[in-house]
Amino acid sequence: QLIIKITSSKKCLEIGTFTGFSSLTMALALPKEGKIITLDHDDEVVQVAKSFFKKSKLEKIITPIVGPALDSLKQMLKNKEIFDLIFIDADKRNYINYFDISLDLLKKGGIILADNVFWHGDVYNKNKNDTQTNIIREFNLHVKNDKRVEKFILPLGDGLTICKKV
């Protein structure tokens, strides 16, 4: 919420809806004209989130889209949509794809947040070499080397990468 307020974000995109908690949290920080689009491939999950959006009386500013996130993102690119803030918290194998497309959907000075970048601390454990851990390591390295953003990892919980598009 503080990041949304500090950046005066009005239009947000969430990649990965799950129960809608993050969408609701962001919605509470938005100005009256604010909007959130949230993407998820699982209609059952989205229906649960929609019930919470309705209970909170925030369903008018949160628009869920059901389907593969990459397809939705590509359609947004075609529609020339631009966002102030994008939160990535979906299938980890596509984090790099989500990040790269998000940069094209983000205004200059906009913010990308990526959750779970510590992957339960496994990214630092050299003995952990499972697929998911290595995917997160690759994502972290990709962001580290990307000159299109200023970035840092907030070392709270499971790690949150915060990027500002330059």
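The values are calculated or read from the model by the stated rules, or taken from the named source; none is laboratory data. Values in this document were obtained by computation on a predicted structure and should not be read as measured data. Here the Cβ positions follow ideal geometry from the backbone for every residue, glycine too, while neighbour counts run over all protein chains shown. Accessible surface areas use protein heavy atoms only, side chains included; no ligands, DNA or RNA. Shrake-Rupley method; radii C 1.70, N 1.55, O 1.52, S 1.80 Å.
Whenever a residue of region 64-81 is within 24 Å of A27 (Cβ to Cβ), its partners that are open to solvent by less than 60 Å² (accessible area, probe 1.4 Å) and of a type in the set (D, E), lying with C-beta atoms within less than 9 angstrom and at least six residues away or across chains, give the pairs P64/D40; I65/D40; V66/D40; V66/D42; G67/D40; A69/D40; A69/D91; Q75/E81. If you go through region 91-126 and keep only what is more than 24 Å from V166 (Cβ to Cβ), open to solvent by 50 Å² or more (accessible area, probe 1.4 Å) and either of a type in the set (S, T, Y) or at pLDDT 95 or above (or both), you end up with R93, Y124.
The residue that is surrounded by the fewest Cβ atoms within 10 Å (Cβ to Cβ), among those in region 13-27 that are aliphatic (A, V, I, L, M) and assigned to a strand (DSSP E or B), is I15.
Selection within region 36-57: residues that are surrounded by fewer than 19 Cβ atoms within 10 Å (Cβ to Cβ) and in contact with a helix residue (DSSP H, G or I) (Cβ under 9 Å, 6 or more places away or on another chain). The member of this set that is farthest from F87 (Cα to Cα) is S56. Filtered by the rule that a residue be open to solvent by less than 70 Å² (accessible area, probe 1.4 Å), part of a loop (DSSP other than H, G, I, E, B) and within 27 Å of L2 (Cα to Cα), region 58-85 gives L58, I61, E81. Of I153, I88, which residue is of a type in the set (V, I, T), closer than 23 Å to L39 by Cα and either modelled with pLDDT of 95 or more or open to solvent by 30 Å² or more (accessible area, probe 1.4 Å) (or both)? Step by step, each of I153, I88 is checked, and only I88 is of a type in the set (V, I, T), closer than 23 Å to L39 by Cα and either modelled with pLDDT of 95 or more or open to solvent by 30 Å² or more (accessible area, probe 1.4 Å) (or both). Residue by residue through region 119-166, note down the ones that are more than 20 Å from K107 (Cα to Cα), in contact (Cβ under 8 Å) with a residue 12 or more places away in the chain and part of a strand (DSSP E or B). If the condition is that a residue be more than 20 Å from K107 (Cα to Cα), in contact (Cβ under 8 Å) with a residue 12 or more places away in the chain and part of a strand (DSSP E or B), then I153, L160 are the ones that fit.
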